[in-house]
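Structure record follows, encoded as structure tokens.
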Amino acid sequence: QVQLVESGGGLVQAGGALRLSCAASGDTFRTFVMGWFRQAPGKAREFLGAIARHSGATNYGDSLEGRFTISQDNAKNTVYLQMNGLQPEDTAIYYCARGKEAAAWTGTSSSYDSWGQGTQVTVSS
């Protein structure tokens, strides 16, 4: 089993930045990628991007315009999401997840078998 705990969310003004962390514990051997998702009220879950456990290669969703960066520290079993230039439309609950197979690379939700509880990010005008 893998447990994922997100941290770093909160309230920020438009134009500000936050760094979210996702700490993994338990059996991380089967991890193929770690992904980040978000879900705003009334909207579908959105894939933000993923990072390959061993190579560190990243793959991002289509609409982030270079503002978000995913990184990892494998020695600490921790993945990060650096968010810059935040806007009110970025307000959402942000989740990290563990992907076990290749389809997770492009954000297929069914390819992720472990999810964190989420952390709220609120961006004010």
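Here are a few things to note about the model shown:
- Residue 119 exposes around 20 Å² of accessible area when a 1.4 Å probe is run over every protein chain in place.
- Choice from 70, 51, 93 showing the highest fluctuation, given a GNM over the chain with Cα pairs closer than 10 Å: 93
- Taking a Cβ cut-off of under 13 Å around residue 2, the surrounding Lys, Arg, Asp and Glu residues balance to a net charge of +2, with basic ones at +1 and acidic ones at -1.
- Most to least accessible of 115, 36 (protein chains only, probe 1.4 Å): 115, 36
The values are calculated or read from the model by the stated rules, or taken from the named source; none is laboratory data. Predicted model, so just to flag it, every value in this text is computed and none were measured. Because the Cβ atoms are built from the backbone with ideal geometry, glycine has one as well, and the counts that use them run over all protein chains shown. SASA here: full protein model, heavy atoms, side chains in, ligands and nucleic acids out. Shrake-Rupley method; radii C 1.70, N 1.55, O 1.52, S 1.80 Å.
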